[in-house]
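As structure tokens, the structure follows; a few thoughts come after it.
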Amino acid sequence: MDADEFKKVVHRHEIPDGFIKVTDRPIGTLNPEQKVALNRKGNVLFNEGNVDAARRIFVTTGYSDGLTRVGDAYGKKNEDLTALKYYVLANNARKTGPLYEKLAHIVSVMLKE
């Protein structure tokens, strides 16, 4: 399985429950002022090291830069699947591509064994 095939599987949701969740969407009832205030709070929390609280805010608002930084934080801890989730939610193709490649390689190696 190459990276493109793996990406198609992920986006068609043909993956086991709990493997990676890609259905989170921002709350549509927030007005722009509310989103700005929440994103500022999320940035403060993130900069203070409270990634989990910031993550909840960024998922709620759909703040792509924040979601990307959350993905980066998980990537630094070698939690690639969790990082991938937040890159997908952020629609960050530049960050998802290398992870799709890595995961496709891992799956291919496992299938050959």
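The values are calculated or read from the model by the stated rules, or taken from the named source; none is laboratory data. Since we're looking at a predicted model, the values are computed, not measured. Note: ideal-geometry Cβ built from the backbone for every residue, glycine included; neighbour counts use all protein chains shown. Each accessible area value is taken on the protein alone, full model and side chains, heavy atoms only, with ligands, DNA and RNA left out. Shrake-Rupley method; radii C 1.70, N 1.55, O 1.52, S 1.80 Å.
Need the C-alpha centroid separation for the range 25-51 versus the range 69-103, integer Å. Result: 20 Å between the Cα centres.
The candidates Arg56, Arg69, Arg94, arranged from most to least accessible area with a 1.4 Å probe in the full protein assembly, appear as Arg94, Arg56, Arg69. Working note: Karplus 6.51/-1.76/1.60 with θ = phi - 60° gives the range 84-93 the couplings 4, 3, 6, 5, 5, 4, 7, 6, 9, 5 Hz, where Gly and Pro are set to x.
The calculated FRET efficiency for Ile106 paired with Asn47, based on their beta-carbon distance and R0 = 35 Å, is about 0.60. In order along the range 98-108, the phi-based Karplus estimate (6.51 cos²θ - 1.76 cosθ + 1.60, θ = phi - 60°) of 3J(HN,Hα) comes to x, 6, 4, 4, 4, 5, 5, 5, 4, 5, 4 Hz; Gly and Pro are listed as x.
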